[in-house]
There are 2 protein chains.
Amino acid sequence: MSSVISHITVSVDGFAAGPRQSLSAPLGEGAMDLHTWLVSTAAFRGTHGSGSSDPASDRGDDPDEAAAVAMSAGVGAYVMGRNMFSPGRGSWDLSWRGWWGEEPPFRVPVFVLTHYEREPLVMEGGTVFSFVTGGVADALALAREAAGDRSVHVAGGASTVQQFLRAGLLDELHLHISPLVLGDGERLLVDVGQPVLEPFAASGSSKATHVSYRVIR
Amino acid sequence: MSSVISHITVSVDGFAAGPRQSLSAPLGEGAMDLHTWLVSTAAFRGTHGSGSSDPASDRGDDPDEAAAVAMSAGVGAYVMGRNMFSPGRGSWDLSWRGWWGEEPPFRVPVFVLTHYEREPLVMEGGTVFSFVTGGVADALALAREAAGDRSVHVAGGASTVQQFLRAGLLDELHLHISPLVLGDGERLLVDVGQPVLEPFAASGSSKATHVSYRVIR
């Protein structure tokens, strides 16, 4: 059965997003810099299409590069919270097609947790957003089926990762710790019960520290 | 001038101590395991005198061992919060001589922050506890003078590290992240302002992840 994996970036004080998330600050105030380590990688620029990666410079020994590659390697499907897919907490805008343009970087099925039914959105490049109203277990079952023997990645945000941890459904948690101190916002590791974690890899650059945990059942 | 350094162990959710600290649970409930990584090192057992270190097995490439050595290497003086020195928050018991017995592992001057005057305590093995009522800047000045060109270590607890960060007095913060999820207790990185941190080293074992930050002025 495929592994269920989450890669998520947090501040050094444990926030996955800043306060007051909005259309103009989707990650909350002050939190865009959380992802500085990621957006500077060739792997990210390659999958997100802005700028070209340079095949002549193999940066496989760069910890940030390796972490960025691991974030999308071997993924067969994603599960994503409704709040990561769309802004606001109010109305459900059917014209909204995600934050990522017409060719999102996922390129596999993405199962979006929501309370509202919606037809699937078939995007360019292989991404299909499907909307699941039955909760994390249902979304995971669908994602597993779509992923085959590849892994299912829980893309975020914080509350979705929390639901997976609480339900004992996560196999690996990869924390990418940005050196930012946010002081306020949405904490990742609250209300998750007492999962037993075992770190199995750690690396870092001046931009981030990468720690991989196995969740012991 | 000597560097001002803090080594502190936190849970993966950011707590330096558990809830309800007391005489029988000085680190708070559920938090003794925070230090599992440390107490299993030869460096710790050597300085704390329980068991002998084995000179035949050089464990210098063990990340926990290296972190334990760094915690006490080159230290000329410590600054410590009153709450780390003694239990409770109430009366100031003059018969209390610290948690560490008659030969504490510090072996250099230790400046304890307190609101109550007290004569210095000269312990065996080089440790002298002096009690400072003038706050962190005063304690640091005294510690610097005692340390000479060696470093001053801020031993903890969380609120003392917070005061140093807030006052911009810390040069390096070394976080030893235990895989424990405590869920409650005393957080390390709250109310510290917005220090600019730059990670410069990361390593880890199955017991802990070690991340070293430079605090940029």
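The values are calculated or read from the model by the stated rules, or taken from the named source; none is laboratory data. As the structure is a prediction and not an experimental result, all values here were calculated from the model. Note: ideal-geometry Cβ built from the backbone for every residue, glycine included; neighbour counts use all protein chains shown. Accessible surface areas use protein heavy atoms only, side chains included; no ligands, DNA or RNA. Shrake-Rupley method; radii C 1.70, N 1.55, O 1.52, S 1.80 Å.
With an 8 Å cut-off on Cα pairs and a minimum separation of 6 or more residues, tell me the relative contact order of chain B in percent. All intermediate terms of the calculation are to be shown ahead of the outcome.
On the way: 453 pairs, mean separation 66.8, N = 217.
31 percent.
List the residues of the stretch A:173-193 that lose 40 Å² or more of accessible area once all protein chains are present, compared with their chain alone (1.4 Å probe, heavy atoms only, no ligands or nucleic acids).
Residues losing area: A:Pro179, A:Val181, A:Arg187, A:Leu189.
Which of the three applies to the stretch B:157-217, rounded, prolate or oblate, going by the alpha-carbon gyration tensor with a ≥ b ≥ c and a/c under 1.5 meaning rounded? Before the final figure, lay out the partial values.
Values: a/c = 2.68, a/b = 1.24, b/c = 2.16.
Oblate.
For the interface of B with A, what's the total buried accessible surface in square angstrom, probe 1.4 angstrom, rounded to the nearest hundred? Please report the intermediate quantities before stating the final value.
Working: alone 10700 and 10700 Å², together 19510 Å².
The summed interface area works out to 1900 Å².
Where a ≥ b ≥ c are the square roots of the eigenvalues of the C-alpha gyration tensor, would you call chain B rounded, which needs a/c under 1.5, or, failing that, prolate if a/b is larger than b/c, or oblate?
Numbers: a/c = 1.23, a/b = 1.16, b/c = 1.06.
Because its axes are fairly even, with a/c under 1.5, chain B counts as rounded.
Counting only other chains, what is the mean number of Cβ atoms within 10 angstrom of the Cβ of each residue in peptide B:13-26?
Values: counts 6, 9, 2, 0, 0, 0, 0, 0, 0, 0, 0, 0, 0, 0.
For this peptide, the per-residue mean of nearby foreign Cβ atoms is 1.
If I model a spin label at B:Ser22 and A:Arg118 as a point 7 Å from the Cα along the Cα→Cβ vector, what separation in nanometres do I get?
Spacing of the two 7 Å Cα→Cβ label points: 5.1 nm.
In what sequence, largest accessible area first, do B:Met84, A:Met1, B:Met123 appear using a 1.4 Å probe? Mind dumping the intermediate values first?
Working: B:Met84 60, A:Met1 195, B:Met123 15 Å².
From most accessible down to least: A:Met1, B:Met84, B:Met123.
Of B:Arg107, B:Arg20, B:Arg82, which has the largest mean-square fluctuation in a 10 Å C-alpha GNM of chain B?
B:Arg20
With a ≥ b ≥ c taken as the square roots of the eigenvalues of the C-alpha gyration tensor of the stretch B:108-166, please select rounded if a/c is under 1.5 and otherwise prolate if a/b is larger than b/c or oblate if it is not?
Oblate, because a/c is 1.5 or more while a/b does not exceed b/c.
If the elastic network links every pair of Cα atoms under 10 Å, which of B:Ser11, B:Ser24, B:Ser72 fluctuates the most in the Gaussian network model of chain B?
B:Ser24
Can you work out the accessible area per residue across the stretch B:99-217, with the rest of the protein chains kept in place, probe 1.4 Å, in square angstrom? Mind showing how you got there, number by number?
On the way: 5090 Å² over 119 residues.
Normalised by residue count, the accessible surface of the stretch B:99-217 is 43 Å².
Got a number for carbon plus sulfur as a percent of chain B's accessible area, 1.4 Å probe?
Percent of accessible area from carbon and sulfur atoms in chain B: 53.
Filter the chymotrypsin sites (Phe, Trp or Tyr not before Pro) in the stretch A:99-179 to those in DSSP coil with at most 11 other Cβ atoms within 10 Å of their Cβ, and list the result. If you can, show how the numbers build up before the last one.
Numbers: sites: A:Trp99, A:Trp100, A:Phe106, A:Phe111, A:Tyr116, A:Phe129, A:Phe131, A:Phe164; in loops: A:Trp99, A:Trp100, A:Phe106, A:Tyr116.
When the chymotrypsin sites (Phe, Trp or Tyr not before Pro) of the stretch A:99-179 are filtered for loop state and at most 11 Cβ neighbours within 10 Å, A:Tyr116 remain.
Heads up, I need the accessible area for A:Asp62: 1.4 angstrom probe, whole protein in place, Å², nearest 10.
40 Å²
Ignoring the sites themselves, what is the longest stretch of chain A with no GluC sites (Glu not before Pro) in a DSSP loop and at most 12 other beta-carbon atoms within 10 Å? List each step's numbers first, then the result.
On the way: sites that count: A:Glu102, A:Glu117.
Longest stretch, sites excluded: A:1-101.
Under the rule of -39500 (n - 2.57) per DSSP H run of 4 or more residues, summed and divided by the residues of chain B, what mean residue ellipticity at 222 nm is obtained, to the nearest 500 deg cm²/dmol?
On the way: 6 runs with 46 residues, N = 217.
Here the helix-only value at 222 nm equals -5500 deg cm²/dmol.
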